[in-house]
Amino acid sequence: MDKMESIEQFKTFRKKRLGKRDSVIATIVVPAGTCGRASGAGRIIHIIEQELAGKNLIGKIAMRVTGCHGFCEMEPSLLIEPENTFYPKVDPYKIPSIIEAVVRREVLEELLLKDPHTGRPLARQDELPFYSKQVRTILSRNERIDPVSIESYIDDGGYSATVRVFEKAEPKWIVSEVKASGLRGRGGAGFPTGLKWEMFASQPNGRGKYLVCNADEGDPGAYMDRSVLEGNPHGIIEGMIIGAYGTGATEGILYVRNEYPLAIKNFDIALQQARQSGLLGKNILGTDFSFDITIVRGAGAFVCGEETAMIHSIEGKMGEPRQRPPFPIQKGIKGRPTAINNVETWANIPVIIEDGAHAFSSTGTKNNCGTKIFSLVGKIRNTGLVEVPMGISIKEIIDDIGGGPSGKARIKAVQTGGPSGGCIPADKFDIPIDYDSLTKVGSIMGSGGMIVMDENTCMVDIAKYFMNFLKDESCGKCFTCRKGIQRMYEILDDISKGRGTLEQLDLLDELAVVVKDTSMCGLGQTASNPVLSTLRYFRDEYIEHVAKKHCPAGVCRELISYLINENCTGCRACVKVCPVGAITGLKKERHTIDTVKCIKCGACRSTCKFEAVDV
Amino acid sequence: MVNLVINGLHVSVERGTTLLEAAKFLGFPIPTLCHIDGLSPYGACRLCVVEIGEDSNAKLVSSCTYPAEEGLKVRTASSRVLRARKMILELLLASCPQSKVIQDLASAHGIRQQRFKQEHDDCILCGLCVRMCEEQMMAKAIGFRNRGQKRTIGTPFDIKSEVCRLCGGCMYVCPACQLRCTYNEPEKAICGGCANLTPPCVEKEQFDDMMCYMDPCVACEIKKD
Amino acid sequence: MKQETKSPAGQENVCLQQDINTKDIRRIVEIHNNRPGRLLAILGDIQSIYTYLPEESLRIVADETGCSLVDIYGVATFYSSFSMRPRGKHLVCACLGTACHVRKGAMIAEELERQLGIKAGQTTPDREFTLETVNCLGACAIGPIVTVDGHYFSKVDTSKVKHILEKARTEMLQDDESLAAASDK
């Protein structure tokens, strides 16, 4: 694509593409983000290519390889446009017949998902319960575009918001629109973006002003940002161009974690395309506005998601947070004003400019506008990314969209906000999902991780898991954060191994409060949340560990033992999977587990078809 | 000049003054461990925390690093602050019980016990030695390595430093290793508040130059009851 | 102040003195315009050549950028993706994210440790495998995840570990076909 030197050239280019006649009758869309590829999408793409070439269908049936659509549980999946037929868990061998069906404009019913209540096969994606309550403002674009094609993005209406902004030529208008939309930072804290930008815009830019996209998605269990970066990098670029124009920023940085190679690759390609087209660099589209974006890769530090730690990391130092004031918008990278926003926040900017602040603020609830993408994972049937309006209840997400528990065990809790968040018990599932309600129950919105836990999850183990994570991710500067988290872990370890006392539970409470109060940065200040929330809602589990030396969920290994009951048919399936050879028994006879050798990995339990292994 | 309110008293200080300096000016005692005049403030030990703000916005910040702000309301000894200090001192005793500086602080705040698993660390990572070496001695021979629980201070690659001039400044400022509790000098011993910790006579393998000066040992006497 | 280095037993034989090409290191620093702010990128580039950060390379970087060795060493040890020890031919990562943990991800990591005979963070004596654990690889819906040299294995359980390691040894990790076959088993 040639470099465009003016707004007019852009409009002409876009018009030309829209006017192009398309002979394609149908498009097979293959979601191939990291999840998709790990599930075998690469092979599927290869086979489709071969089939289309071999059957002479190129030009009649198109294939579009996209990023993640969100229904990761069902990948590798296929979406057939224009009917929006959804084929889940596609078997590569069935691809030729699927393609034939597409040619005939028919649907293979036996391959479709069935309605969980009626059993009726569901052909269209929007009929599926998983999609029905979602409002896929951001994620739907992942379906419609090829992430590494700027033309594809422009065809879908991309960069029109940018043109609109340039034509209006009123930077202040951008900030006021974002403010009016009510957008709050999607990274976790939920600070009003418009307010941040207003303060940032008033800072002088003589020595440079930075805009940063925070893609250091470190929360375990959260991968929304990865999907947006992989599936729609131009959307982020456009958001940043608009943001820079509105606030006077001179340089942009994408700080992305090292563990997202596909996202980095796609974003890099998109940057090059934007530069080649004249949408990034000096004198964008012939205006006197210049702006470009550099990619800075993280190096495996969760704490670098914190604003001041990220600034230090970008400066080539250790990712140690520093005290605020001064705030990043006053003094950030190299002492210059810096505004940091999350990937999802950036993705919402073109939407706000395109659709208008009023439209944006009509979704969601008062003070919590717009949609939010959550990663719904754990012990839930339909795992994946869901985009829902703010204010929807947890119950609706778990039951309607998620489809309920993945196994027989009842869902007990939902953990939101990653290591900075807390566990919300099932009896509170009717609360709306918004920044304030979640804080009130002792958790936080966080970046959007939503981990579903059932009766086989031990809450003491969960608290211990998070402390284990945080004690290595803390930068270690603040004594209370470093030592406090370590000591909380020690106590939880004692409790999980049957050595806990009731006094230790009180000590844990006291310590958690002090760590929360005295730590300097967000990591330490929220580190206590998993402990405090599990103590608040699941204290009975703690007491059972301490008083009865028993783990009700059957997880804490020192407190459980595996036994084979009379259901055993002697099929020896468990013997084969036991990694330490702890199971003995003759064929057709009830087996026994050597409890000394047994490491309680659970392999036998998950293999046994007769429910013969008890905990 | 910046006007703020500390413990109900109005004070005017120059821009750039920290809350710690302002409180000292008014005579309010705030304990510190990682702060020393002449070196830049770091804010690692968290002992100097004070409460600022009001109602739901109230929070604790380290006074050694927080600059005075116009109209700020500061409380140096609210219950939240005292609770935090006590817990921090317990944690310090649990890590570094042999440090006289920490014992004195604990004693002054009425800490008589620590409820954690006893460790005997040489270092609390206050960073005084690092700042001494960099700022006063201009050598920068030692620094922080690793992160979180594994964070330590040392020379790069743990080998002899080419820039270290063996000045001993790092040991001079260290609250943990230089100023060990010297039980064999009665004038320097603290009030006996260490009695509830593991008595040094039992831990002789850890610190064999530590002698119990009391005969019979008060610690042993108390424990017998 | 700790002067002694604690190294896990059996790792000394893995720490070879590698020949560091000074010109290569200088070139890397130059590519990043000698900017101290590009330190993470510089170290990342050095590690992609040598599989770790050799002591000598850090000294060269200190000279070329003007940063103190103390700071560079601090940065090199602060970030988890940098290794101060040579890595094996294959890098095996087990995900310990929350979603994977809830699906017994910790057991997978233990099984890998058992089968490779090393602990996480170590390299096998034959220098074939380095085992690391990562706090979330971002493929949470299809966990537990194990990656080998960047290729993802999804929905792993302890019985599949042997197969994954075999596949890694025979280097059949280029195309997605083998990945799909492993996951289907």
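Here are the numbers for this structure:
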read-out	value
Selection within the range B:86-119 - within 14 Å of chain A (Cβ to nearest Cβ) and assigned to a loop (DSSP other than H, G, I, E, B)	B:Cys96, B:Pro97, B:His109, B:Ile111, B:Gln113, B:Gln114, B:Arg115, B:Phe116, B:Lys117, B:Gln118, B:Glu119
Enumeration of residues in the range C:111-120 that are free of Cβ contacts under 8 Å to residues at least 60 places away in the same chain and surrounded by fewer than 18 Cβ atoms within 10 Å (Cβ to Cβ)	C:Glu113, C:Arg114, C:Gln115, C:Gly117
Of all residues in the range A:132-157 being crowded, with 23+ Cβ neighbours inside 10 Å and not polar (S, T, N, Q), the one that is nearest to A:Arg381 (Cα to Cα)	A:Leu139
Only one of A:Thr439, A:Thr457, A:Thr480 that is crowded, with 23+ Cβ neighbours inside 10 Å and closer than 30 Å to A:His312 by Cα	A:Thr480
Hey, B:Ala141 surrounded by 15 or more Cβ atoms within 10 Å (Cβ to Cβ), of a type in the set (Gly, Ala, Ser), in a loop (DSSP other than H, G, I, E, B) and modelled with pLDDT of 90 or more or not	yes
So A:Gly446, is it within 24 Å of the chain's Cα centre (by Cα), buried (at least 24 other Cβ atoms within 10 Å of the Cβ) and part of a loop (DSSP other than H, G, I, E, B)	yes
Out of B:Glu134, B:Glu162, sole residue that is within 16 Å of B:Tyr42 (Cα to Cα), not in a strand (DSSP E or B) and not hydrophobic (A, V, I, L, M, F, W, C)	B:Glu134
Filtered residues of the range A:108-128 (kept if more than 19 Å from A:Pro405 (Cα to Cα) and surrounded by fewer than 11 Cβ atoms within 10 Å (Cβ to Cβ))	A:Glu110
Selected residue [in contact (Cβ under 8 Å) with a residue 40 or more places away in the chain and more than 16 Å from the chain's Cα centre (by Cα)] from A:Thr363, A:Thr383, A:Thr345, A:Thr371	A:Thr363
Single unsatisfied condition, A:Ile353 versus (1) of a type in the set (A, V, I, L, M, F, W, C); (2) farther than 25 Å from A:Gly449 by Cβ; (3) within 13 Å of chain C (Cβ to nearest Cβ)	(3)
Odd one out for C:Met84 among (1) more than 19 Å from B:Lys140 (Cα to Cα); (2) assigned to a helix (DSSP H, G or I); (3) modelled with pLDDT of 90 or more; (4) not small (Gly, Ala, Ser)	(2)
Residues within the range A:552-575 that are over 13 Å from A:Val613 (Cβ atoms), part of a loop (DSSP other than H, G, I, E, B), of a type outside the set (Val, Ile, Thr) and touching a helix residue (DSSP H, G or I) at 6+ places or on another chain (Cβ under 9 Å), tallied	3
Top-ranked residue in the range A:495-505 [being part of a helix (DSSP H, G or I) and touching a residue at least 12 places away in the same chain (Cβ under 8 Å); ranked as surrounded by the most Cβ atoms within 10 Å (Cβ to Cβ)]	A:Ile495
Filter result for B:Ala94 (under 24 Å from A:Gln525 (Cβ atoms) and touching a residue at least 60 places away in the same chain (Cβ under 8 Å))	no
Unique residue being more than 9 Å from chain B (Cβ to nearest Cβ), surrounded by 24 or more Cβ atoms within 10 Å (Cβ to Cβ), out of contact with any Cys (no Cβ under 6 Å at 6 or more places or on another chain) and at pLDDT 95 or above when the list is A:Leu492, A:Leu511	A:Leu492
Single residue of B:Leu128, B:Leu105, B:Leu93 found to be buried (at least 21 other Cβ atoms within 10 Å of the Cβ), of a type outside the set (Ser, Thr, Tyr) and under 21 Å from A:Met488 (Cα atoms)	B:Leu93
Scope the range A:30-62; condition in contact (Cβ under 8 Å) with a residue 40 or more places away in the chain and exposed (fewer than 15 other Cβ atoms within 10 Å of the Cβ); matching residues	A:Lys55, A:Lys60
Any hit, the range A:90-107, residues being under 26 Å from the mean Cα position of the chain (by Cα), surrounded by fewer than 16 Cβ atoms within 10 Å (Cβ to Cβ) and modelled with pLDDT of 90 or more	no
Odd one out for A:Phe200, checked against (1) at negative phi; (2) crowded, with 24+ Cβ neighbours inside 10 Å; (3) part of a loop (DSSP other than H, G, I, E, B)	(3)
Among (1) within 20 Å of A:Cys304 (Cβ to Cβ); (2) surrounded by fewer than 24 Cβ atoms within 10 Å (Cβ to Cβ); (3) away from chain C (no Cβ under 14 Å), the one test that A:Gly391 misses	(1)
Unmet requirement for A:Glu455, which otherwise passes all of (1) under 23 Å from the mean Cα position of the chain (by Cα); (2) more than 18 Å from B:Arg147 (Cα to Cα)	(1)
Yes/no for A:Thr118 being assigned to a loop (DSSP other than H, G, I, E, B), more than 21 Å from the chain's Cα centre (by Cα) and either under 27 Å from A:Ala62 (Cα atoms) or modelled with pLDDT under 95 (or both)	yes
Residue that is facing chain A (nearest Cβ under 8 Å), free of Cβ contacts under 8 Å to residues at least 12 places away in the same chain and surrounded by fewer than 22 Cβ atoms within 10 Å (Cβ to Cβ), where the choices are C:Asp63, C:Asp157, C:Asp71	C:Asp71
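Yes/no matrix, rows are residues, columns are (1) among the β-branched types (Val, Ile, Thr); (2) within 14 Å of A:Ser519 (Cα to Cα); (3) more than 8 Å from chain B (Cβ to nearest Cβ):
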| site | (1), (2), (3) |
| --- | --- |
| A:Asp436 | no, no, yes |
| A:Ile444 | yes, no, yes |
| A:Val460 | yes, no, yes |
| A:Lys464 | no, no, yes |
| A:Cys475 | no, yes, no |
| A:Lys483 | no, yes, no |
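The values are calculated or read from the model by the stated rules, or taken from the named source; none is laboratory data. If you're wondering where the values come from, they're calculated on a predicted model, not measured in any experiment. Reconstructed Cβ throughout: ideal geometry from the backbone, glycine too, with neighbour counts over all protein chains shown.
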